[in-house]
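Chemist: Before I ask anything, let me first share the structure, which is written out below as C-alpha cells.
The values are calculated or read from the model by the stated rules, or taken from the named source; none is laboratory data. The structure presented is a predicted model; accordingly, all values stated were derived computationally and were not measured. A quick note on method: Cβ atoms are made from the backbone with ideal geometry, for glycine too, and the neighbour counts reach across all protein chains shown. Quick note on the areas: whole protein, heavy atoms, side chains included, nothing else; ligands and nucleic acids left out. Shrake-Rupley method; radii C 1.70, N 1.55, O 1.52, S 1.80 Å.
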Amino acid sequence: MPPPLQTHRLLISHRRLPTPARRRFTAVSSVQSAPATTLAPGPATSSILSIRESLLSGERTAADITSEYLSRLRRTEPSVRSFIHVADAAAEREAEELDRRIASGKKDAVGPLAGVLVGVKDNLCTTNMPSTGGSRILDGYRPAYDATAVRRLREAGAIVVGKTNLDEFGMGSTTEGSAFQVTTNPWDDSRVPGGSSGGSASAVSARQCVVSLGSDTGGSVRQPASFCGVVGLKPTYGRVSRFGLMAYASSLDVVGCFGSSVFDTATILSVVAGHDKMDSTSSSQDVPDYASELVSLDLLESKPLNGLRVGIIQETLGEGVDTGVVSSIKDAASHLERLGSVVEEVSLPSFSLGLPAYYILASSEASSNLSRYDGIRYGSQVSADDLNEIYGESRANGLGHEVQYSQLSIYYDHAPLVKMRILMGTYALSAGYYDAYYKRAQQVRTLVKESFKGALERYDILISPAAPSAAYKIGEKINDPLAMYAGDIMTVNVNLAGLPALVVPCGFVEGGAVGLPVGLQMIGSPFSEGNLLRVGHIFEQTVQNFSFVPPLLAER
C-alpha cells in the first residue's frame, strides 16, 4: 500500500468499478484457531440485566456492586492501566444515593442503567472529571458540560467510574499514543489493547467496569474490541450525537460502545442514541429498544438465522491477513451457515482504495479541527513575546509527549503521531494539491459507498475480520506508521460509508497464556443496528468451546 500522499497515481487511473462478484462460500480451513481450553465455555450473560434484577430484588446493594468493581479495578489497574482518571469516591457516593432511593420505595425512579459502572473515553467531555483527549495540551481541563452520550447515561442511572486512556486525540491504533501512559491488553500484558479506544476496551475486558463508551473514526471501537475479546459497536453516522466529543475528523467520528455481551451493548445503544438539537448531523429516526428485540438461547429455533443472506468480503481474507485470523473468520462463517444463513463470498473492488482515501480525508479534517488547540482558545499556554510564538510554542509543548513503558524499557516520543497527521492534512488541502489529494479522496469515498450499497442490496449483512491480526507486542509498530495504518484496512471503509458495524469475539489464535482473541466484524445497511445486534446475539449464544474471560481474571 503506497503512503497516503502518493495515492493520487492510483486514484487517477481508477474510473468505474465492476459489479461486485459473488461466489458460494466454501468452508475450507487448513489452520485451526487456538481455543482457550483453560476457561469454562458458555454463552455470554448480561451484566446489566443481572445488576438490575439483583438491585430490585434486594439481593444486592448498589454499594456492594460498586465496591466489587472498584476492588477489581484497583487490583488490575497497575498492570492494565485502562484509566487516566478514576472517580472512585464519586462512584461510591452515587451508589449510596441509589441505595437510599431503592430503600425508600422509589423503585419506579430507578433507571435502566441503575448501578451500572461505565467507563468513558477521555475524548468525551464530563463536567466533574478531567477531559484531556489523551493530550498534555489539555492536561487538567474540566469542561462545563457533559457530552450528550454521557448525559444520557447519567440520566439512565449509570455511574461514571472514570475516564479511559486513548491515543492522543484518537489518532492511533494501539493506545501507545497516549501522552499519559501505555495501556496493556488483559489477555497478555506485553501486547497492545488496540486503539484508539484501547482503554475502554481493556477496562471492559478486565471487568473494571460493566460497559464503556468509545469513539470510532476509522475502527477505534472495533479493532480494540477484537484485540481484547469484547463486543464493540460502531453505530451508523448520526445515530448517536457527537456533541461533547472532541473532534478528530467530523465527517467520520462516531460515538460507540463496548460490553462483555451483545445484550449489554444493545442496552447502552438504546440509551445514548437519538436526535440531539446540539448536533445537526444527528438523525431524527426513532430509536428502538434494541435489547428487547433479542431472543434468549432457550427460545431459539434450530435454525434461528434461516434465510439470512451473508456476504463474506473476499478482499479481507487474502494477502496480509494472518492465517489464524482467516481460519477463525471462516469457522465463524461456517457457524452462521449451521444456524441457517446462506453465506457467499462477495468481492468489493473498491475495498483496497479506502485506506489511502481515509487517511487523506481524516488528516485533512484533523488539521482543521486541531487548530483550536493553540494556547489561546484551548490548551495550556506557553509564555512568548508575540502571538505566533505563543501558537507555535504551545502546540510544540502540548502535542505529543515522551512516555516510558518501564516493563520493556521502551520510550515513546509521540509528538510525530499527531503533528504528522496535521502536516499531512494541511498539505492535502493546500493550493495546488487540493484536487490531487482531497478531491480525489472524496471521489473514492463515493465509490466505496456505492460498492457497499450494491453489496448490501443483495446481502443482509457483510462479514470480515475486524483486524488483519490479533494483538501484537507493545512497541512492535510504534516506529512504523505505515504498518500501523495498514492495520486499519478492515475498518476504515465502514466509516467512509457511514455504516453500522458490530464486532463479536469469534475465536482465538496462538499467543499469550491461553490464546489471543479474534473478532468477527458484521456490517449492515444504515440504521440496521437492530439486525446486527440480533445476529450477533444469536452467534454469541450459540458459539461453542470459547469463553472470552482473560487470564488476568482467571488467575485472581
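Chemist: Can you give me the ranges of the strands (runs of 3 or more DSSP E) entirely in the stretch 401-467 with at least 1 residues that are within 27 Å of the chain's Cα centre (by Cα) and at pLDDT 85 or above?
Modeler: The strands (runs of 3 or more DSSP E) meeting that bar are 461-465.
Chemist: So, in the stretch 533-556, exactly how many residues are among the charged types (D, E, K, R), in contact with a helix residue (DSSP H, G or I) (Cβ under 7 Å, 6 or more places away or on another chain) and either farther than 16 Å from SER292 by Cβ or surrounded by 23 or more Cβ atoms within 10 Å (Cβ to Cβ) (or both)?
Modeler: 2
Chemist: With the requirement that a residue be modelled with pLDDT of 95 or more and among the small types (Gly, Ala, Ser), what does the stretch 308-355 give you?
Modeler: Across the stretch 308-355, the qualifying residues are GLY311, GLY324, SER327, SER328, ALA332, ALA333, SER334, GLY340, SER341, SER347, GLY354.
Chemist: Here's a follow-up. Which count do you get for residues in the stretch 371-385 that are of a type in the set (A, V, I, L, M) and either open to solvent by 90 Å² or more (accessible area, probe 1.4 Å) or closer than 13 Å to ALA396 by Cα (or both)?
Modeler: Applying the first criterion (of a type in the set (A, V, I, L, M)) to the stretch 371-385 yields 376, 382, 384.
With the extra rule that they be either open to solvent by 90 Å² or more (accessible area, probe 1.4 Å) or closer than 13 Å to ALA396 by Cα (or both), the set shrinks to 382, 384.
Summing the residues that are of a type in the set (A, V, I, L, M) and either open to solvent by 90 Å² or more (accessible area, probe 1.4 Å) or closer than 13 Å to ALA396 by Cα (or both) in the stretch 371-385 gives 2.
Chemist: Only one of (1) open to solvent by 30 Å² or more (accessible area, probe 1.4 Å); (2) in a helix (DSSP H, G or I); (3) in contact (Cβ under 8 Å) with a residue 40 or more places away in the chain fails for TYR141. Which number is that?
Modeler: (2)
Chemist: Then there is this: If only one of VAL310, VAL321, VAL325 is in contact with a Leu (Cβ under 8 Å, 6 or more places away or on another chain) and hydrophobic (A, V, I, L, M, F, W, C), which one is it?
Modeler: Residue meeting the stated conditions: VAL310.
Chemist: Looking at the stretch 113-122, is at least one residue under 24 Å from ASN397 (Cα atoms) and in contact with a Phe, Trp or Tyr (Cβ under 8 Å, 6 or more places away or on another chain)?
Modeler: For the stretch 113-122, residues under 24 Å from ASN397 (Cα atoms) and in contact with a Phe, Trp or Tyr (Cβ under 8 Å, 6 or more places away or on another chain): absent.
Chemist: Here's something else I'd like to know. For the stretch 54-65, name all the residues that are open to solvent by 70 Å² or more (accessible area, probe 1.4 Å), in a helix (DSSP H, G or I) and modelled with pLDDT of 95 or more.
Modeler: Within the stretch 54-65, just ASP64 meets the criteria.
Listed here are the residues, each with its yes/no results for (1) out of contact with any Lys or Arg (no Cβ under 7 Å at 6 or more places or on another chain); (2) open to solvent by 10 Å² or more (accessible area, probe 1.4 Å); (3) closer than 26 Å to ARG207 by Cα; (4) assigned to a loop (DSSP other than H, G, I, E, B).
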position	(1), (2), (3), (4)
ASP108	yes, yes, no, no
LEU113	yes, no, yes, yes
VAL118	yes, no, yes, no
ASN128	yes, yes, yes, yes
GLY133	yes, no, yes, yes
ILE137	yes, no, no, no
ALA149	yes, no, yes, no
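Chemist: The conditions are (1) of a type outside the set (Lys, Arg); (2) under 25 Å from the mean Cα position of the chain (by Cα); (3) surrounded by 17 or more Cβ atoms within 10 Å (Cβ to Cβ), and PRO288 fails exactly one of them. Which is it?
Modeler: (3)
Chemist: Restricting the search to the stretch 468-506, which residues are in a helix (DSSP H, G or I) and open to solvent by 10 Å² or more (accessible area, probe 1.4 Å)? Let's see the steps before the verdict.
Modeler: Let us first name the residues in the stretch 468-506 that are in a helix (DSSP H, G or I), namely 481-486, 492-497.
Residues satisfying the conditions are PRO481, LEU482, ALA483, MET484, TYR485, ALA486, ALA497.
Chemist: Right, here's the next one. Quick check on this structure: which one of GLY320, GLY324, GLY307 is open to solvent by less than 20 Å² (accessible area, probe 1.4 Å) and not aromatic (Phe, Trp, Tyr)?
Modeler: When all the criteria are applied, what remains is GLY324.
Chemist: To continue, here is another question. Given the condition in a loop (DSSP other than H, G, I, E, B), in contact with a Phe, Trp or Tyr (Cβ under 7 Å, 6 or more places away or on another chain) and not aromatic (Phe, Trp, Tyr), answer yes or no: does some residue in the stretch 287-309 qualify?
Modeler: Yes.
Chemist: Which condition number does GLU68 fail, the rest of (1) open to solvent by 80 Å² or more (accessible area, probe 1.4 Å); (2) of a type in the set (D, E, K, R); (3) modelled with pLDDT of 95 or more being met?
Modeler: (1)
Chemist: In the set THR126, THR148, which member is among the β-branched types (Val, Ile, Thr), touching a residue at least 60 places away in the same chain (Cβ under 8 Å) and closer than 24 Å to SER241 by Cα?
Modeler: THR148
Chemist: Another one. Are any of the residues in the stretch 507-523 farther than 20 Å from VAL192 by Cα and in contact with a Phe, Trp or Tyr (Cβ under 8 Å, 6 or more places away or on another chain)?
Modeler: yes
Chemist: Pull out all pairs, ordered by first then second residue, where Cβ-Cβ is under 6 Å, the residues are six or more apart or on different chains, the first lies in the stretch 375-386 and is in contact (Cβ under 8 Å) with a residue 12 or more places away in the chain, and the second is open to solvent by 90 Å² or more (accessible area, probe 1.4 Å).
Modeler: Here the result reads GLY375/GLN381; VAL382/GLU393; VAL382/ASN397, each pair linking the stretch 375-386 to a residue that is open to solvent by 90 Å² or more (accessible area, probe 1.4 Å).
Chemist: Could you tell me how many of the residues in the stretch 80-97 are crowded, with 16+ Cβ neighbours inside 10 Å and free of Cβ contacts under 8 Å to residues at least 60 places away in the same chain?
Modeler: 1
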